[in-house]
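Right, one structure below, let's go through it.
The values are calculated or read from the model by the stated rules, or taken from the named source; none is laboratory data. Quick caveat, the model's predicted, so the values are computed rather than measured. Ideal geometry is used to build each Cβ from the backbone, glycine not excepted, and the neighbour counts take in all protein chains shown. Just the protein is used for accessible areas: all its heavy atoms, side chains included, with ligands, DNA and RNA removed. Shrake-Rupley method; radii C 1.70, N 1.55, O 1.52, S 1.80 Å.
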Amino acid sequence: MSDKIIIYQLLPRLFTNTCTTCVANGDIATNGVGKMNEITSARLKEIKALGATHVWYTGVIEHATTVGYTKNGISPCNAHIVKGKAGSPYAIRDYYDIDPNIAVKVDKRIDEWQKLVNRTHRAGLKVIMDFVPNHVAREYHSDVFLPGVDGLGQNDDKGMFFTPNNNFYYITDQQFSPSVDLGTGKDEYIEFPARATGNDCFHASPGINDWYETVKLNYGIDPWNGSRHFDPTPSTWNKMLHILMYWASMGIDGFRCDMAHMVPVEFWHWAISRVKNKYPGIIFIAEIYDTALYHNYVNYGLFDLLYNKVTLYDTLFNILKYKSSTHEITRCWQQLEHMGDHMLNFLENHDELRLPSPQFCGDALAGRPALVVSAMLDRSPFLVYAGQELGERGTDAEGFSGLDGRTTIFDFWSIPSLRKWLTGKSSVKAIELREYYARILKLCNEEKAIAQGGMFDLMYVNPHLTRQFAFMRHYGDEVLLVIANFSGQEANTSVNIPEHAFNHIGLAQGKHACVDLIHGTRKDAIITPASPFAVSIKAHDAVVWKLS
């Protein structure tokens, strides 16, 4: 990859300004819903101007919801097995269809999606969409009938807990009986025999904290003894490959694969190789949390990118919230030294706390040093969650998603900071933060030292830096000195650059004309192993000094 990938994550359902007074637990009529057509060329131009190279459209595939469109043959799902009124985007109801809630004309929803893909491409951006391979909604049913494609579970032997060609696992002779209300009378949800729940719950009674609204898919692994039955190719493999090919044919540029580590790596090797053989430029991103699986899911599973959650994200979280030493960042990248280019860095996404939330930093400005480190530490792509660049605080109690410091994915809602941006009512602080994000993200591709170059960690010769983190990026004759200040106080300090750095990078010792690419400050400095680089950094800020 010659350019650094910058992904902007956007939930079309939440991208709206139609409701200025959303009501907790409100329905679609009360709170409104974002539409694909609202993501106009002008809005995409703004995302491109922020520095993004890709847009990840989250929650576009049809999923379980309480809203029905009977004229279009889409009935509402049983509300007792839907989380929230809008439903989870990860409880897929039809792998071959688009969520009707985000379409202006429901009968044209596939066409509206294709137009959004084309519109995104014309804006100079690439398209990523979700692929949810591990589980489906309890009431999964495809109403898009394609020739030669059998529905999931259509030919299953429901009298068998496991057989390689079943799409689901069946808890034989038992009715589904979770620890949630399933209703009574006409409203009661009945499932017999019960099927295993998405988070590997292989009994009929999942708890309220289980993924009770989903059903686990069977990829040919017997959960009782771990035996693997991959030859002949399991039915689920063929069906999921067909789904990947279906969406790839519409011109998308990548898949973000939900809970990829819960699906056998053998399937990914088999499926991704086939998709990439036909669509060579497409990328696959794995949501994965087990570091022991990283190498296998890249080298054999053929994933391009993995979530950098339990490594860099968690490290930065602890530095920001619990004042851990910044030297922990060194330990973090060393752990991933040979995987760096395959990690997707982020500070927010739909599963994580909003940076300025009371549960995390409490102030968007406090996240700026983490932004610089996460975006510039290496060549890894970087993800921005819609509203992050505006300081969204996640302080709404939307309904099913309570006051949890996150933006809901289960409710009909809109993002307050984004809504203000769409209506031209953003605060000065929000606009200034967005401009800061734009400067950082644009530098990621304007400077080859960041997009394509190497990294040299300076912390081993700077033990006094416990609330700052210093490193260099270099490419050819270009050298950048990056220092991020995680302290709430201005830092007036110095940074030692060892002899090895000069030799390794090819940096000349002596006088350099320097410019801070973030703030535009200029100065001359004598830079040698015996002459530390003097630096002044505002609270919760960073500098990127380019050395000539």
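Only residues that are more than 27 Å from GLY153 (Cβ to Cβ) and touching a strand residue (DSSP E or B) at 6+ places or on another chain (Cβ under 7 Å) were counted in region 85-120, giving 2. Applying a threshold of 8 Å to beta carbon distances and a minimum spacing of six or more residues, or different chains, the list of pairs starting in region 521-548 at a residue that is closer than 16 Å to ASN496 by Cα and ending at one that is among the basic types (Lys, Arg) reads ALA525/LYS511; ILE526/LYS511; ILE527/LYS511. When only residues in region 142-164 that are over 21 Å from ALA204 (Cα atoms) and touching a residue at least 40 places away in the same chain (Cβ under 8 Å) count, which is least open to solvent (accessible area, probe 1.4 Å)? Restricting to residues being over 21 Å from ALA204 (Cα atoms) and touching a residue at least 40 places away in the same chain (Cβ under 8 Å), the top hit is SER142.
So is ALA49 more than 20 Å from GLN114 (Cα to Cα), small (Gly, Ala, Ser), open to solvent by 10 Å² or more (accessible area, probe 1.4 Å) and within 22 Å of the chain's Cα centre (by Cα) or not? So that I can check it myself, show each step before the final result.
Values: more than 20 Å from GLN114 (Cα to Cα): yes; small (Gly, Ala, Ser): yes; open to solvent by 10 Å² or more (accessible area, probe 1.4 Å): yes; within 22 Å of the chain's Cα centre (by Cα): yes.
Yes; evaluated as a whole, the condition is true for this residue.
Against the numbered list (1) open to solvent by 10 Å² or more (accessible area, probe 1.4 Å); (2) in contact (Cβ under 8 Å) with a residue 60 or more places away in the chain, PRO358 comes up short only at (2). Looking only at region 381-388, decide whether some residue is open to solvent by 10 Å² or more (accessible area, probe 1.4 Å) and modelled with pLDDT of 95 or more. Checked against the condition, which is being open to solvent by 10 Å² or more (accessible area, probe 1.4 Å) and modelled with pLDDT of 95 or more, region 381-388 yields no hits at all. The residue that is farthest from LEU390 (Cα to Cα), counting only those in region 402-429 that are open to solvent by less than 40 Å² (accessible area, probe 1.4 Å) and more than 22 Å from the chain's Cα centre (by Cα), is LEU422.
The helices (runs of 4 or more DSSP H) located wholly in region 399-503 that include 1 or more residues which are among the basic types (Lys, Arg) and in contact with a strand residue (DSSP E or B) (Cβ under 8 Å, 6 or more places away or on another chain) occupy 448-451. Restricting attention to region 263-297, the residues that are surrounded by 15 or more Cβ atoms within 10 Å (Cβ to Cβ) and farther than 21 Å from ASN345 by Cα total 13. Out of curiosity, is PRO463 open to solvent by less than 60 Å² (accessible area, probe 1.4 Å) and either more than 32 Å from the chain's Cα centre (by Cα) or of a type outside the set (A, V, I, L, M, F, W, C) (or both)? Considered against the rule, which asks whether it is open to solvent by less than 60 Å² (accessible area, probe 1.4 Å) and either more than 32 Å from the chain's Cα centre (by Cα) or of a type outside the set (A, V, I, L, M, F, W, C) (or both), PRO463 comes out as no. Kindly indicate the residue of region 207-233 that is buried (at least 21 other Cβ atoms within 10 Å of the Cβ) and out of contact with any Gly (no Cβ under 9 Å at 6 or more places or on another chain) and also farthest from ALA91 (Cα to Cα) among those meeting that condition. Checked region 207-233; the qualifying residue farthest from ALA91 (Cα to Cα) is GLY220.
Look at PHE162 and say whether it is under 16 Å from ASN238 (Cβ atoms) and among the aromatic types (Phe, Trp, Tyr). So PHE162 does not fit the description; no.
Among the residues making up region 284-325, those that are hydrophobic (A, V, I, L, M, F, W, C), touching a residue at least 24 places away in the same chain (Cβ under 8 Å), assigned to a helix (DSSP H, G or I) and over 24 Å from VAL372 (Cα atoms) are LEU293, VAL298.
One residue alone among ALA539, ALA501 is crowded, with 19+ Cβ neighbours inside 10 Å and among the small types (Gly, Ala, Ser), and that residue is ALA501.
If I filter region 326-337 down to residues being more than 23 Å from ALA366 (Cβ to Cβ) and touching a residue at least 40 places away in the same chain (Cβ under 8 Å), which single residue comes out as most open to solvent (accessible area, probe 1.4 Å)? The selected residue is GLN335.
Quick one: in region 117-141, of everything that is in a helix (DSSP H, G or I) and more than 29 Å from ASN238 (Cβ to Cβ), which residue is least open to solvent (accessible area, probe 1.4 Å)?
THR120
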